[in-house]
Each structure stands twice: as C-alpha cells, then as structure tokens.
Amino acid sequence: MIGILIFPDFQLLDAAGPISAFEIAARCIGKPPLIRVLAAKPGRVRSSSGVEMMARDFKSANAITTLVVAGGTGVADAARCEVTRAFVQRLAKRGMRVASVCSGAYVLAEAGLLDGRRATTHWGRTREFVARYPRIKFEPDRIFTRDGNVWTSAGISAGIDLALAMITEDHGEEIAQQTARQLVLYHRRSGGQSQFSSLLELKTPNGRFGTLLSWARENLDAPLSVEDLADRAGMSARHFARAFAAETGTTPSKAVERLRLEVARERVQSSREAIERVAETTGFRDPERMRRAFIRAFGQPPQALRRAARAG
C-alpha cells in the first residue's frame with residue numbers, strides 16, 4: 001500500500017502525480033490501487049491552489065509499505081510538526097520505503113532521515129537546503145535519488161519520475177513502461193535539473209564565483225584544476241576550495257564536471273558530432289570517462305540520450 005503524506009498548502013501535483021502513476025500501475029497488473037492520503041490532521045486538506053484532498057490520520061498507515069511526502073509552500077510548518085516527524089521516523093525505522101517530492105525533502109531532513117545520505121530537492125531551494133543541512137550529501141542535478149530505503153526527488157513533476165522508478169522496482173520494466181505510456185511520459189527522463197536551470201542560475205546567481213564559473217564554461221577544454229581555478233580567482237588553492245564549497249555547496253571539481261556535463265549533453269542531443277569529439281572538446285578527454293559521468297548524472301550513456309533526442 002502507498003501512503004501520500006500531505007499538509008495544509010501542499011503542492012497538488014506533488015501528491016496527484018505519484019497517485020496517478022501508482023493507480024495506473026495497479027490497473028496494469030490487474031489489481032485495485034491501494035493508496036491512502038494521510039495527514040497529521042485528517043479531513044479536508046487544502047492545497048496551495050485551493051483544491052482540497054481528503055486525508056486519513058496516521059493511525060490508518062499500518063498497512064503501507066511506501067510513504068511519499070509531498071512538498072509545497074506549507075512544508076516549513078509540516079517539517080516543524082513533531083507528530084509528522086515522529087510518524088516519518090517510525091516508518092523509516094520499520095524499514096519502510098520513505099520518499100519525498102520536491103520540498104518534501106525538508107520533512108525528511110528535519111526527521112534526520114537524510115543525514116549522511118544522498119538527496120535532492122527542487123533546484124530553486126538548493127542554496128537554502130545546502131546551508132541548512134550540511135550533513136546531507138546533496139545532489140542538485142538529479143531528477144531523483146535513492147539511498148537505501150530513502151528516496152528524494154526534484155521539483156514537482158519529478159515525483160512522477162520517482163514513482164515510475166518505484167514501479168520498476170516493484171513490478172518490473174514492462175509495467176513501468178506501460179504506466180509511462182498511459183501518462184504519455186518518458187519511462188526514464190533524460191537529463192538532470194540543469195536542463196531546466198543552468199549551473200550559474202542554480203548555484204551562484206550573484207555569488208563571487210559566478211564570473212569564474214562563466215569563464216570555466218567557456219574554457220572547458222582547459223585542465224580547470226583546483227589550482228587553475230584558484231589562480232584565476234586570485235586565491236590559494238586551499239582557501240579557494242573551502243570558500244567555493246561554502247558558497248556553492250559542492251567542490252570545484254564537481255562543479256567543473258557539471259559544467260562539462262551540461263555542455264556535453266546539449267551537444268550530444270542536438271548535433272551529430274562524434275561522441276569522441278564531444279568528450280575531447282568538453283574536457284573529458286576520454287569517451288569512457290564521459291560515459292561514466294553521464295551514467296552517474298543522467299542514468300544513461302551519451303548514445304542513449306542521443307537516440308532518445310532523435311526519437312523525440
């Protein structure tokens with residue numbers, strides 16, 4: 001059974017998207033959907049759009065095996081709610097699969113479930129999230145992440161991607177593909193959040209390293225080592241690395257890789273340029289190194305993203 005946790009001023013699609021995906025998957029396997037909407041205060045719960053959902057109390061959650069926490073403008077109050085935090089903690093300790101959509105990650109973070117784990121949330125909340133929860137291994141460019149029994153997803157519609165991944169795990173590739181076709185969606189969406197917001201917008205819109213990152217993006221074929229970047233910034237390598245991580249929430253080397261991935265993905269998907277040439281000119285040098293980076297970031301190798309782009 002799937003539980004969807006909502007709260008006043010939740011984002012409607014954060015809940016409705018996964019609900020629809022799980023419902024369709026259940027129909028594909030010939031079973032009635034087993035989904036319950038839950039809230040700390042049961043009854044009608046108003047979303048940020050004004051549309052309401054009916055929710056049951058947490059006592060109705062005994063049979064659930066997966067909990068998905070919605071996000072929304074009311075997430076701060078939900079994350080501070082002791083009853084909600086205790087409920088989420090209790091399910092996680094029982095080994096239940098616990099997930100968040102968009103800013104629902106704040107609820108999991110406040111419950112302590114994300115400490116030391118990989119996680120993501122909506123790109124627009126990156127700076128605040130990284131500053132507030134430094135113990136979390138934040139991955140800002142992922143559509144969704146999984147670390148053990150805890151899953152998190154990026155903004156709003158990414159909750160459907162997360163649900164499709166769970167459906168794959170529970171029922172296999174064929175059922176997930178059927179569900180995606182019914183939803184008229186890709187089974188696995190290519191690209192990370194950087195396709196919707198560039199690295200500079202995502203991380204340092206007005207920060208002191210914005211100009212440096214812009215320069216790095218125009219010179220991806222250069223080595224761009226920590227020492228190179230520190231010299232360009234007029235700082236010692238050690239001081240630069242600490243200051244850069246404090247401001248951006250990532251290391252210089254990871255930031256450079258993300259820049260390379262962003263440009264390489266765009267060229268792979270929009271041109272017929274040889275993969276080897278893309279790897280060379282974006283600083284990966286070795287096509288195999290670029291392939292591994294693509295799989296880590298996008299879940300697919302460059303050739304698969306190219307085929308998907310051409311098919312689209």
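Could you identify the single residue in ARG289, ARG272, ARG285 that is open to solvent by 10 Å² or more (accessible area, probe 1.4 Å) and part of a helix (DSSP H, G or I)? If you could, list the steps in order and put the result at the bottom.
Working: ARG272 fails: part of a helix (DSSP H, G or I); ARG285 fails: part of a helix (DSSP H, G or I).
Criteria check complete, one pass: ARG289.
Mind checking which residues of the stretch 256-268 are closer than 15 Å to ARG310 by Cβ and open to solvent by less than 50 Å² (accessible area, probe 1.4 Å)?
First pass over the stretch 256-268, keeping only residues closer than 15 Å to ARG310 by Cβ: 265-268.
Residues satisfying the conditions are ARG265, VAL268.
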Original post:
Out of all the residues in the stretch 219-244, which are touching a helix residue (DSSP H, G or I) at 6+ places or on another chain (Cβ under 7 Å) and not hydrophobic (A, V, I, L, M, F, W, C)?
Top reply: ASP221, GLU227, ARG232, SER236
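Identify, please: which residue in the stretch 1-24 is assigned to a helix (DSSP H, G or I) and open to solvent by 60 Å² or more (accessible area, probe 1.4 Å) and is, among those, farthest from MET96 (Cα to Cα)?
Within the stretch 1-24, the first condition is being assigned to a helix (DSSP H, G or I), and the residues that meet it are 12-24.
Next, only the ones that are open to solvent by 60 Å² or more (accessible area, probe 1.4 Å) stay: 13, 23.
Details: LEU13: 23, GLU23: 20 Å.
Among those that are assigned to a helix (DSSP H, G or I) and open to solvent by 60 Å² or more (accessible area, probe 1.4 Å), it is LEU13.
To keep it simple, each residue is scored yes or no on (1) among the hydroxyl-bearing types (Ser, Thr, Tyr); (2) more than 18 Å from ARG132 (Cα to Cα).
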{"position": "PHE10", "(1), (2)": "no, yes"}
{"position": "ALA26", "(1), (2)": "no, yes"}
{"position": "ALA40", "(1), (2)": "no, yes"}
{"position": "SER47", "(1), (2)": "yes, yes"}
{"position": "VAL69", "(1), (2)": "no, yes"}
{"position": "ALA76", "(1), (2)": "no, no"}
{"position": "VAL88", "(1), (2)": "no, yes"}
{"position": "LEU108", "(1), (2)": "no, no"}
{"position": "ALA111", "(1), (2)": "no, no"}
**OP:** Report whether or not ALA40 is at pLDDT 95 or above, part of a helix (DSSP H, G or I), out of contact with any strand residue (DSSP E or B) (no Cβ under 6 Å at 6 or more places or on another chain) and surrounded by 15 or more Cβ atoms within 10 Å (Cβ to Cβ).
**Re:** no
Original post:
Does the stretch 233-255 hold any residues that are surrounded by 17 or more Cβ atoms within 10 Å (Cβ to Cβ) and over 21 Å from PHE138 (Cα atoms), and which are they?
Top reply: ALA233
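Every residue in the stretch 120-154 that is part of a strand (DSSP E or B), out of contact with any Asp or Glu (no Cβ under 7 Å at 6 or more places or on another chain), closer than 22 Å to LEU5 by Cα and free of Cβ contacts under 8 Å to residues at least 40 places away in the same chain, please.
Going through the stretch 120-154, the residues part of a strand (DSSP E or B) turn out to be 137-138, 144-147, 150-153.
Filter once more, keeping what is out of contact with any Asp or Glu (no Cβ under 7 Å at 6 or more places or on another chain): 137-138, 146-147, 150-152.
When the remaining residues are screened for being closer than 22 Å to LEU5 by Cα, the result is 146-147, 150-152.
Selection gives ARG146, ASP147.
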**OP:** Evaluate the following for LEU108: is it in contact with a helix residue (DSSP H, G or I) (Cβ under 7 Å, 6 or more places away or on another chain), at pLDDT 95 or above, closer than 20 Å to THR250 by Cα and of a type in the set (A, V, I, L, M)?
**Re:** no
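Within the stretch 98-112, identify whether any single residue is among the acidic types (Asp, Glu), over 26 Å from GLU262 (Cβ atoms) and surrounded by fewer than 18 Cβ atoms within 10 Å (Cβ to Cβ), and answer yes or no.
Looking only at the stretch 98-112, we keep the residues that are among the acidic types (Asp, Glu), and these are 110.
Narrowing further to those that are over 26 Å from GLU262 (Cβ atoms): 110.
Now narrow it down to the ones that are surrounded by fewer than 18 Cβ atoms within 10 Å (Cβ to Cβ): none.
The answer is no, given that none of the residues of the stretch 98-112 is among the acidic types (Asp, Glu), over 26 Å from GLU262 (Cβ atoms) and surrounded by fewer than 18 Cβ atoms within 10 Å (Cβ to Cβ).
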Original post:
Going by the conditions given, is ARG27 over 24 Å from GLY155 (Cβ atoms), part of a strand (DSSP E or B) and open to solvent by 50 Å² or more (accessible area, probe 1.4 Å)?
Top reply: no
Original post:
Are there any pairs, at least 6 apart or on different chains, whose C-beta atoms fall under 8 Å, with the first in the stretch 20-39 and under 17 Å from ALA63 (Cβ atoms) and the second in a helix (DSSP H, G or I) and open to solvent by 60 Å² or more (accessible area, probe 1.4 Å), and if so, which?
Top reply: PRO33/GLU23; PRO33/ARG27; ILE35/GLU23
**OP:** Kindly indicate which of ALA55, ALA76 is among the small types (Gly, Ala, Ser), more than 14 Å from CYS102 (Cα to Cα) and outside any loop (DSSP other than H, G, I, E, B).
**Re:** ALA55
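Yes/no matrix, rows are residues, columns are (1) assigned to a helix (DSSP H, G or I); (2) modelled with pLDDT of 85 or more; (3) farther than 21 Å from ARG127 by Cα:
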residue	(1), (2), (3)
SER197	no, no, no
TRP215	yes, yes, yes
ASP221	no, yes, yes
ASP231	yes, yes, yes
THR250	no, no, no
SER253	yes, yes, no
GLU262	yes, no, no
ARG267	yes, yes, yes
ALA304	yes, yes, yes
Original post:
Of the residues that sit in the stretch 178-195 and are crowded, with 17+ Cβ neighbours inside 10 Å and at pLDDT below 85, which one is farthest from THR121 (Cα to Cα)?
Top reply: HIS187
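The values are calculated or read from the model by the stated rules, or taken from the named source; none is laboratory data. This structure is a prediction, so every number in the text was calculated from the model and none was measured. Methodologically, a virtual Cβ is constructed for each residue, glycine included, from the backbone with ideal geometry; neighbour enumeration extends over all protein chains shown. In case anyone asks, the SASA skips ligands and DNA or RNA and just uses the protein heavy atoms, side chains included. Shrake-Rupley method; radii C 1.70, N 1.55, O 1.52, S 1.80 Å.
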